[in-house]
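Structure record follows, encoded as C-alpha coordinates.
The values are calculated or read from the model by the stated rules, or taken from the named source; none is laboratory data. Quick caveat, the model's predicted, so the values are computed rather than measured. Glycine gets a Cβ as well: all are built from the backbone with ideal geometry, and neighbour counts include every protein chain shown.
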Amino acid sequence: LSVELIDSMGDDLRIVNAARVSFSKQSTWAAYGPDGGELREADEGLIGYLMRNRHGTPFEMVVMTFRVTVPIGVAREWQRHRIGSFNEVSTRYVEMQPDFYVPELGAVRKQVGKAGHYRFETMDASDAQAVQVGMRQAYAIAYATYQDLLRMGVAKELARNVLPVGLMTSFYWTVNLRSLLNFLSLRTHETALLEIRQEATEVERLACSVAPAAMAAWDVCGRQAP
Ligand SMILES: Cc1cc2nc3c(=O)[nH]c(=O)nc-3n(C[C@H](O)[C@H](O)[C@H](O)COP(=O)(O)OP(=O)(O)OC[C@H]3O[C@@H](n4cnc5c(N)ncnc54)[C@H](O)[C@@H]3O)c2cc1C
(Lines give C-alpha, C1' and ligand atoms only; values in the text may rest on other atoms or scores of the structure.)
Protein backbone atom coordinates (compact mmCIF):
# COMPACT_ATOMS: atom_id res chain seq x y z
CA LEU A 1 0.00 0.00 0.00
CA SER A 2 1.42 3.39 -0.85
CA VAL A 3 0.60 7.03 -1.49
CA GLU A 4 2.84 9.36 -3.45
CA LEU A 5 2.34 13.10 -3.97
CA ILE A 6 2.71 13.62 -7.72
CA ASP A 7 2.06 17.33 -7.93
CA SER A 8 0.36 20.24 -6.25
CA MET A 9 -0.95 23.68 -7.10
CA GLY A 10 -1.11 26.48 -4.53
CA ASP A 11 -0.12 26.70 -0.89
CA ASP A 12 -1.05 28.57 2.29
CA LEU A 13 -0.52 31.94 0.59
CA ARG A 14 -2.93 30.98 -2.21
CA ILE A 15 -5.63 30.44 0.42
CA VAL A 16 -4.85 33.81 2.01
CA ASN A 17 -4.92 35.60 -1.34
CA ALA A 18 -8.15 33.88 -2.41
CA ALA A 19 -9.77 35.22 0.76
CA ARG A 20 -8.20 38.70 0.45
CA VAL A 21 -9.40 39.17 -3.12
CA SER A 22 -12.70 40.10 -1.44
CA PHE A 23 -10.91 43.31 -0.39
CA SER A 24 -8.91 43.53 -3.61
CA LYS A 25 -5.66 42.74 -1.73
CA GLN A 26 -2.93 40.20 -2.39
CA SER A 27 0.52 39.18 -1.16
CA THR A 28 3.37 37.43 -2.99
CA TRP A 29 6.07 35.24 -1.49
CA ALA A 30 8.63 37.49 -3.20
CA ALA A 31 7.44 40.44 -1.14
CA TYR A 32 7.97 38.36 2.04
CA GLY A 33 11.76 38.17 1.66
CA PRO A 34 14.55 37.07 -0.70
CA ASP A 35 13.98 33.31 -0.13
CA GLY A 36 10.25 33.55 -0.30
CA GLY A 37 10.05 34.15 3.44
CA GLU A 38 7.48 32.78 5.84
CA LEU A 39 3.78 33.25 6.26
CA ARG A 40 3.04 36.28 8.44
CA GLU A 41 1.13 36.08 11.70
CA ALA A 42 -1.82 37.90 10.13
CA ASP A 43 -1.93 35.30 7.33
CA GLU A 44 -1.98 32.41 9.80
CA GLY A 45 -4.66 34.27 11.74
CA LEU A 46 -6.75 34.62 8.59
CA ILE A 47 -6.41 30.91 7.77
CA GLY A 48 -7.52 30.08 11.31
CA TYR A 49 -10.48 32.47 10.97
CA LEU A 50 -11.53 30.88 7.66
CA MET A 51 -11.30 27.39 9.12
CA ARG A 52 -13.18 28.22 12.35
CA ASN A 53 -15.96 30.04 10.54
CA ARG A 54 -16.22 27.45 7.77
CA HIS A 55 -15.38 29.81 4.93
CA GLY A 56 -14.43 26.80 2.85
CA THR A 57 -14.01 28.06 -0.70
CA PRO A 58 -10.49 29.56 -0.35
CA PHE A 59 -9.27 26.06 0.58
CA GLU A 60 -10.52 24.85 -2.81
CA MET A 61 -7.76 26.92 -4.47
CA VAL A 62 -5.09 24.42 -3.39
CA VAL A 63 -5.08 21.21 -5.43
CA MET A 64 -3.02 18.04 -5.07
CA THR A 65 -2.50 14.96 -7.22
CA PHE A 66 -1.59 11.64 -5.60
CA ARG A 67 -0.79 8.21 -6.93
CA VAL A 68 -2.42 5.66 -4.64
CA THR A 69 -1.76 1.91 -4.61
CA VAL A 70 -4.17 -0.07 -2.43
CA PRO A 71 -6.33 -3.21 -2.63
CA ILE A 72 -9.48 -2.86 -4.77
CA GLY A 73 -11.65 -3.01 -1.61
CA VAL A 74 -9.89 0.04 -0.19
CA ALA A 75 -10.00 1.85 -3.55
CA ARG A 76 -13.77 1.39 -3.59
CA GLU A 77 -14.10 3.23 -0.29
CA TRP A 78 -11.67 5.93 -1.45
CA GLN A 79 -13.58 6.54 -4.66
CA ARG A 80 -16.81 7.17 -2.78
CA HIS A 81 -15.35 10.65 -2.25
CA ARG A 82 -17.04 12.28 -5.22
CA ILE A 83 -15.41 15.68 -5.01
CA GLY A 84 -12.16 14.75 -6.73
CA SER A 85 -10.96 13.16 -9.97
CA PHE A 86 -9.78 9.60 -10.49
CA ASN A 87 -8.01 7.60 -13.19
CA GLU A 88 -7.32 3.95 -12.44
CA VAL A 89 -5.41 1.07 -14.04
CA SER A 90 -7.79 -0.85 -16.31
CA THR A 91 -8.28 -4.55 -15.67
CA ARG A 92 -9.90 -4.63 -19.13
CA TYR A 93 -6.63 -3.64 -20.80
CA VAL A 94 -3.91 -4.84 -18.45
CA GLU A 95 -3.11 -8.42 -17.49
CA MET A 96 -3.02 -8.11 -13.73
CA GLN A 97 -0.01 -9.31 -11.77
CA PRO A 98 -0.43 -11.58 -8.73
CA ASP A 99 -0.06 -8.67 -6.32
CA PHE A 100 -2.49 -9.27 -3.46
CA TYR A 101 -2.97 -7.71 -0.04
CA VAL A 102 -1.98 -9.86 2.90
CA PRO A 103 -2.23 -7.96 6.20
CA GLU A 104 0.71 -7.95 8.58
CA LEU A 105 0.20 -10.11 11.68
CA GLY A 106 -0.73 -7.10 13.81
CA ALA A 107 -3.43 -6.05 11.31
CA VAL A 108 -5.28 -9.39 11.39
CA ARG A 109 -8.30 -8.64 13.57
CA LYS A 110 -11.63 -9.97 14.80
CA GLN A 111 -14.87 -8.02 14.67
CA VAL A 112 -16.58 -7.92 18.06
CA GLY A 113 -19.91 -6.38 19.13
CA LYS A 114 -23.04 -5.22 17.35
CA ALA A 115 -23.43 -3.62 13.92
CA GLY A 116 -22.62 0.08 14.14
CA HIS A 117 -20.63 -0.48 17.38
CA TYR A 118 -18.01 -2.92 16.21
CA ARG A 119 -14.69 -3.17 17.99
CA PHE A 120 -11.72 -4.78 16.35
CA GLU A 121 -9.40 -7.02 18.33
CA THR A 122 -6.01 -8.21 17.12
CA MET A 123 -5.91 -11.98 16.74
CA ASP A 124 -3.18 -13.94 18.46
CA ALA A 125 -0.11 -14.61 16.37
CA SER A 126 -0.74 -18.28 15.51
CA ASP A 127 -4.34 -17.61 14.41
CA ALA A 128 -3.18 -14.57 12.46
CA GLN A 129 -0.57 -16.68 10.66
CA ALA A 130 -3.27 -19.20 9.70
CA VAL A 131 -5.33 -16.31 8.30
CA GLN A 132 -2.39 -15.18 6.19
CA VAL A 133 -1.90 -18.73 4.87
CA GLY A 134 -5.64 -19.00 4.04
CA MET A 135 -5.62 -15.68 2.21
CA ARG A 136 -2.53 -16.62 0.19
CA GLN A 137 -4.12 -19.96 -0.78
CA ALA A 138 -7.35 -18.31 -1.92
CA TYR A 139 -5.40 -15.71 -3.92
CA ALA A 140 -3.27 -18.44 -5.55
CA ILE A 141 -6.36 -20.40 -6.66
CA ALA A 142 -8.06 -17.25 -7.98
CA TYR A 143 -4.96 -16.13 -9.86
CA ALA A 144 -4.34 -19.60 -11.34
CA THR A 145 -7.93 -19.64 -12.62
CA TYR A 146 -7.47 -16.13 -14.08
CA GLN A 147 -4.37 -17.34 -15.93
CA ASP A 148 -6.23 -20.47 -17.17
CA LEU A 149 -9.04 -18.30 -18.55
CA LEU A 150 -6.57 -16.00 -20.33
CA ARG A 151 -4.80 -19.03 -21.83
CA MET A 152 -8.21 -20.22 -23.10
CA GLY A 153 -8.51 -16.89 -24.91
CA VAL A 154 -11.09 -15.34 -22.59
CA ALA A 155 -11.04 -11.52 -22.75
CA LYS A 156 -9.33 -9.78 -19.81
CA GLU A 157 -12.55 -7.88 -19.10
CA LEU A 158 -14.30 -11.19 -18.42
CA ALA A 159 -11.46 -13.20 -16.86
CA ARG A 160 -10.96 -10.46 -14.23
CA ASN A 161 -14.22 -11.47 -12.56
CA VAL A 162 -12.48 -14.29 -10.71
CA LEU A 163 -10.00 -11.92 -9.04
CA PRO A 164 -10.79 -10.89 -5.44
CA VAL A 165 -11.00 -7.41 -3.91
CA GLY A 166 -7.62 -8.06 -2.23
CA LEU A 167 -5.96 -7.47 -5.63
CA MET A 168 -3.84 -4.33 -5.64
CA THR A 169 -4.89 -1.47 -7.88
CA SER A 170 -3.36 1.89 -8.64
CA PHE A 171 -5.02 5.23 -9.35
CA TYR A 172 -4.36 8.94 -9.73
CA TRP A 173 -6.41 11.16 -7.43
CA THR A 174 -6.65 14.90 -7.91
CA VAL A 175 -8.45 16.69 -5.12
CA ASN A 176 -8.76 20.19 -3.73
CA LEU A 177 -7.77 20.86 -0.14
CA ARG A 178 -11.32 21.42 1.10
CA SER A 179 -12.44 18.02 -0.18
CA LEU A 180 -9.21 16.46 1.01
CA LEU A 181 -9.93 17.71 4.55
CA ASN A 182 -13.36 16.11 4.37
CA PHE A 183 -11.68 12.85 3.28
CA LEU A 184 -9.19 13.10 6.14
CA SER A 185 -11.91 13.87 8.73
CA LEU A 186 -13.69 10.69 7.80
CA ARG A 187 -10.81 8.41 6.91
CA THR A 188 -8.28 9.19 9.64
CA HIS A 189 -11.01 8.72 12.24
CA GLU A 190 -10.68 5.68 14.48
CA THR A 191 -13.92 4.23 13.07
CA ALA A 192 -12.52 4.08 9.51
CA LEU A 193 -11.17 0.89 7.96
CA LEU A 194 -7.63 0.31 9.24
CA GLU A 195 -6.04 0.11 5.78
CA ILE A 196 -7.62 3.34 4.49
CA ARG A 197 -6.81 5.05 7.80
CA GLN A 198 -3.14 4.20 7.40
CA GLU A 199 -3.02 5.60 3.86
CA ALA A 200 -5.09 8.65 4.83
CA THR A 201 -2.51 9.36 7.53
CA GLU A 202 0.14 9.38 4.81
CA VAL A 203 -2.04 11.73 2.70
CA GLU A 204 -2.25 14.03 5.75
CA ARG A 205 1.56 14.01 6.13
CA LEU A 206 2.01 14.90 2.45
CA ALA A 207 -0.67 17.62 2.56
CA CYS A 208 1.22 19.19 5.50
CA SER A 209 4.17 19.71 3.17
CA VAL A 210 1.94 21.66 0.73
CA ALA A 211 -0.14 23.84 3.08
CA PRO A 212 1.24 23.49 6.63
CA ALA A 213 -0.67 26.42 8.15
CA ALA A 214 -4.02 25.24 6.75
CA MET A 215 -3.38 21.69 7.97
CA ALA A 216 -2.43 22.95 11.43
CA ALA A 217 -5.59 25.12 11.58
CA TRP A 218 -7.74 22.15 10.55
CA ASP A 219 -6.21 20.04 13.32
CA VAL A 220 -6.72 22.77 15.95
CA CYS A 221 -10.34 23.32 14.82
CA GLY A 222 -11.33 19.70 15.52
CA ARG A 223 -10.39 18.13 12.18
CA GLN A 224 -13.72 19.02 10.53
CA ALA A 225 -13.71 20.15 6.88
CA PRO A 226 -14.50 23.88 6.55
C1 LIG B 1 -16.71 4.94 8.67
C2 LIG B 1 -17.45 4.99 7.37
C3 LIG B 1 -18.39 4.03 7.09
C4 LIG B 1 -19.11 4.07 5.88
N5 LIG B 1 -20.05 3.11 5.61
C6 LIG B 1 -20.73 3.14 4.46
C7 LIG B 1 -21.71 2.15 4.15
O8 LIG B 1 -21.95 1.23 4.93
N9 LIG B 1 -22.37 2.22 2.97
C10 LIG B 1 -22.15 3.23 2.08
O11 LIG B 1 -22.78 3.26 1.03
N12 LIG B 1 -21.23 4.18 2.34
C13 LIG B 1 -20.51 4.16 3.49
N14 LIG B 1 -19.57 5.12 3.72
C15 LIG B 1 -19.29 6.13 2.68
C16 LIG B 1 -19.97 7.48 2.99
O17 LIG B 1 -21.38 7.33 2.98
C18 LIG B 1 -19.56 8.53 1.94
O19 LIG B 1 -19.98 8.11 0.66
C20 LIG B 1 -18.07 8.76 1.87
O21 LIG B 1 -17.52 8.85 3.15
C22 LIG B 1 -17.80 10.05 1.09
O23 LIG B 1 -18.12 11.15 1.91
P24 LIG B 1 -18.67 12.51 1.33
O25 LIG B 1 -19.97 12.31 0.64
O26 LIG B 1 -18.67 13.51 2.48
O27 LIG B 1 -17.49 12.93 0.30
P28 LIG B 1 -17.63 13.55 -1.16
O29 LIG B 1 -18.43 12.66 -2.02
O30 LIG B 1 -16.22 13.87 -1.60
O31 LIG B 1 -18.43 14.87 -0.95
C32 LIG B 1 -17.84 15.97 -0.26
C33 LIG B 1 -18.97 16.87 0.23
O34 LIG B 1 -19.63 17.44 -0.88
C35 LIG B 1 -21.03 17.50 -0.62
N36 LIG B 1 -21.74 16.65 -1.59
C37 LIG B 1 -21.19 15.78 -2.48
N38 LIG B 1 -22.14 15.21 -3.24
C39 LIG B 1 -23.32 15.70 -2.80
C40 LIG B 1 -24.66 15.48 -3.17
N41 LIG B 1 -25.01 14.61 -4.12
N42 LIG B 1 -25.62 16.15 -2.52
C43 LIG B 1 -25.31 17.03 -1.54
N44 LIG B 1 -24.05 17.29 -1.13
C45 LIG B 1 -23.07 16.64 -1.75
C46 LIG B 1 -21.25 17.03 0.81
O47 LIG B 1 -21.15 18.14 1.67
C48 LIG B 1 -20.04 16.13 1.03
O49 LIG B 1 -19.66 15.99 2.41
C50 LIG B 1 -18.86 5.10 4.92
C51 LIG B 1 -17.89 6.07 5.23
C52 LIG B 1 -17.19 6.02 6.43
C53 LIG B 1 -16.14 7.07 6.70
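Among the numbered criteria (1) closer than 30 Å to ALA140 by Cα; (2) at pLDDT 95 or above, which single criterion is violated by LEU1?
Status for LEU1: all satisfied but (2).
Looking at ARG80, is it within 16 Å of the chain's Cα centre (by Cα), of a type outside the set (Phe, Trp, Tyr) and assigned to a loop (DSSP other than H, G, I, E, B)? First the steps, then the outcome.
On the way: within 16 Å of the chain's Cα centre (by Cα): yes; of a type outside the set (Phe, Trp, Tyr): yes; assigned to a loop (DSSP other than H, G, I, E, B): yes.
Taking the combined requirement at face value, the residue satisfies it.
In the stretch 161-220, what residues are among the hydroxyl-bearing types (Ser, Thr, Tyr), in contact with a helix residue (DSSP H, G or I) (Cβ under 6 Å, 6 or more places away or on another chain) and part of a strand (DSSP E or B)?
Hit for the stretch 161-220 is THR169, nothing else.
Identify, by number, the condition in (1) more than 13 Å from the ligand (Cβ to nearest atom); (2) surrounded by 18 or more Cβ atoms within 10 Å (Cβ to Cβ); (3) not acidic (Asp, Glu) that LEU150 doesn't meet.
So the condition that LEU150 fails would be (2).
Does MET96 qualify as being free of Cβ contacts under 8 Å to residues at least 24 places away in the same chain and either away from the ligand (no atom under 16 Å from the Cβ) or within 26 Å of ARG67 (Cα to Cα) (or both)?
no
Within the stretch 31-43, does at least one residue satisfy the condition of being among the hydrophobic types (A, V, I, L, M, F, W, C), assigned to a helix (DSSP H, G or I), touching a residue at least 12 places away in the same chain (Cβ under 8 Å) and at negative phi?
Looking through the stretch 31-43, none of the residues is among the hydrophobic types (A, V, I, L, M, F, W, C), assigned to a helix (DSSP H, G or I), touching a residue at least 12 places away in the same chain (Cβ under 8 Å) and at negative phi.
Can you tell me which residue is surrounded by the fewest Cβ atoms within 10 Å (Cβ to Cβ) among those in the stretch 99-117 that are in a strand (DSSP E or B) and within 16 Å of the ligand (Cβ to nearest atom)?
Once the filter is applied, the top-ranked residue is GLN111.
For the stretch 83-93, which positions are in a loop (DSSP other than H, G, I, E, B), of a type outside the set (D, E, K, R) and away from the ligand (no atom under 11 Å from the Cβ)? Before you say what the answer is, go through the steps one by one.
Step one: filter the stretch 83-93 for residues in a loop (DSSP other than H, G, I, E, B), giving 83-84, 89-93.
Then drop every residue that is not of a type outside the set (D, E, K, R), which leaves 83-84, 89-91, 93.
Once the filter is applied, which keeps residues that are in a loop (DSSP other than H, G, I, E, B), of a type outside the set (D, E, K, R) and away from the ligand (no atom under 11 Å from the Cβ), the stretch 83-93 yields VAL89, SER90, THR91, TYR93.
With the requirement that a residue be surrounded by fewer than 20 Cβ atoms within 10 Å (Cβ to Cβ), β-branched (Val, Ile, Thr) and closer than 17 Å to LEU1 by Cα, what does the stretch 66-88 give you?
THR69, ILE72
So, in the stretch 191-226, how many residues would count as being near the ligand (Cβ under 10 Å from one of its atoms), over 13 Å from the mean Cα position of the chain (by Cα) and either among the hydrophobic types (A, V, I, L, M, F, W, C) or over 21 Å from TYR101 (Cβ atoms) (or both)?
1
What do you reckon, is SER170 free of Cβ contacts under 8 Å to residues at least 12 places away in the same chain, away from the ligand (no atom under 13 Å from the Cβ) and hydroxyl-bearing (Ser, Thr, Tyr)? Explain how you work it out, then say what you get.
Details: free of Cβ contacts under 8 Å to residues at least 12 places away in the same chain: no; away from the ligand (no atom under 13 Å from the Cβ): yes; hydroxyl-bearing (Ser, Thr, Tyr): yes.
When the stated conditions are applied, SER170 does not pass them.
Go through the stretch 14-64 residue by residue and tally those that are among the β-branched types (Val, Ile, Thr), buried (at least 16 other Cβ atoms within 10 Å of the Cβ) and out of contact with any helix residue (DSSP H, G or I) (no Cβ under 7 Å at 6 or more places or on another chain). Give the steps one after another, and end with the answer.
Within the stretch 14-64, the subset among the β-branched types (Val, Ile, Thr) is 15-16, 21, 28, 47, 57, 62-63.
If we keep only those that are buried (at least 16 other Cβ atoms within 10 Å of the Cβ) as well, we get 15-16, 47, 62-63.
Filter once more, keeping what is out of contact with any helix residue (DSSP H, G or I) (no Cβ under 7 Å at 6 or more places or on another chain): 63.
Going through the stretch 14-64 one residue at a time, the tally reaches 1.
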